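Asks: Here it is: the structure, laid out below.
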Ligand code: FAD
């Protein structure tokens with residue numbers, strides 16, 4: 001996968017979540033079919049907090065590997081799992097031909113901002129999970145999560161950076177950021193990582209601004225600030241969903257263009273299992289080879 005990120009031109013990747021029902025499955029596969037033709041560097045599938053969605057992540061990612069030409073990455077969290085269970089999931093990934101894993105600690109079930117309590121026979125931090133993934137199979141390529149404005153539970157940006165560097169030192173091959181709405185935090189983080197001697201690809205995670213809800217929920221969920229200029233720019237469209245979408249796609253395209261001008265190797269899109277906005281943006285950015 002890192003080979004696909006080091007081609008001589010920038011590229012993009014997309015993130016899906018495993019569908020809950022048949023309608024969701026149909027929608028996801030429509031998005032996969034459409035995005036596949038645009039040749040993303042990879043597609044990733046998230047891992048739900050409870051054990052119930054574990055099988056859906058394995059099933060969805062395995063089907064992408066079996067039925068498409070796409071490079072697939074499965075996420076894995078340490079939530080509610082013993083180390084033995086984590087090993088079993090990793091073996092299932094390996095047996096399905098999944099070569100890439102995003103190793104994340106996860107949030108406490110129920111209240112994402114609540115106190116983290118590890119499983120009694122489990123792990124406490126993502127760095128330990130990175131080591132476990134490499135121990136199960138050193139051939140896995142491993143990614144980790146990064147936070148341009150610090151993880152909501154981190155005491156300060158310095159400790160946050162130290163822990164990110166430790167995850168990379170534990171063997172991570174690349175990192176993907178939490179979503180954000182202006183480039184500064186990402187660029188600062190990239191500079192600070194480079195100053196700390198870390199040169200793995202840092203992919204900016206971007207959610208296309210397709211509705212007033214995504215504008216509101218993004219900063220709430222990510223801890224990234226809502227830039228005042230952006231709020232002002234989009235305020236006239238809050239009651240007109242069609243005009244909001246058009247302006248939101250413009251804003252997202254400009255953000256991605258600014259990041260590409262700074263030399264990012266790829267943009268990672270949070271697609272919410274839809275293809276239209278991502279497809280529109282990557283075409284406008286010239287990220288699709290014709
Ligand atoms: P960690 O890196 O373990 O960090 C958690 C906190 O502990 C931070 O404050 C960190 O600074 C601190 N810390 C880290 N290491 C140490 C240490 N050794 N000692 C002391 N403190 C430490 N959630 C899901 O449930 N499923 C998903 O599929 C999913 N995918 C995601 C994909 C991306 C790209 C991102 C950015 C997030 C994703 N999340 C997902 C959310 C993620 O689970 C939460 O953000 C979670 O709170 C943190 O996970 P982490 O891997 O960053 O944890």
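Since every read-out is calculated from the coordinates, none of them should be taken as a lab result. All figures in this text were calculated on a predicted structure; none of them were measured in a lab. No Cβ is skipped: glycine too gets one built from the backbone with ideal geometry, and neighbour counts run over all protein chains shown.
Asks: Find how much the distance from residue 87 to residue 116 grows on full extension, using 0.36 nm per residue of separation minus their present alpha carbon separation; answer in nm with one decimal.
Replies: 8.3 nm
Asks: Give me 274, 7 sorted ascending by neighbouring Cβ count inside 10 Å, so fewest comes first.
Replies: 7, 274
Asks: Using a Gaussian network model on the chain with a 10 Å cutoff between Cα atoms, which of 189, 102, 179 fluctuates the most?
Replies: Looking only at 189, 102, 179, the biggest GNM fluctuation is shown by 189.
Asks: A follow-up question, please. Mean-square fluctuation check for the chain, GNM, Cα pairs under 10 Å: which of 157, 101, 130 is largest?
Replies: 157
Asks: Go ahead and set up a Gaussian network model of the chain, Cα springs under 10 Å, then flag whichever of 80, 13, 44 fluctuates most.
Replies: 80
Asks: With both partners inside the chain, how many of the DSSP beta bridges are antiparallel, as a percent to the nearest 5?
Replies: Given both bridge residues lie in the chain, the antiparallel proportion sits at roughly 0 percent.
Asks: Let me ask something else. Expressed as a rounded percentage, what relative contact order does segment 4-285 have, with Cα pairs under 8 Å and six or more residues apart?
Replies: 20
Asks: Hey, another quick one. Multiplying the sequence separation of residue 216 and residue 262 by 0.36 nm and subtracting their Cα-Cα distance, what value in nm do you get?
Replies: 13.9 nm
Asks: Okay, moving on. Report the full-extension gain for the segment residue 166 to residue 243: residue separation times 0.36 nm, less the Cα-Cα distance, to one decimal in nm.
Replies: Separation in residues times 0.36 nm, less the Cα-Cα distance, equals 23.3 nm.
Asks: At each listed q (0.13, 0.19, 0.21, 0.24 Å⁻¹), what is the log10 of I(q)/I(0) that the Debye formula gives for segment 74-155 modelled as equal alpha-carbon point scatterers?
Replies: Relative scattering, expressed as log10 I(q)/I(0), comes to -0.40, -0.82, -0.97, -1.17.
Asks: Classify the chain from the C-alpha gyration tensor, please: rounded if a/c falls under 1.5, else prolate or oblate depending on whether a/b exceeds b/c.
Replies: rounded
Asks: Here's something else I'd like to know. Neighbouring Cβ atoms within 10 Å as the yardstick, rank 45, 71 fewest first.
Replies: 71, 45
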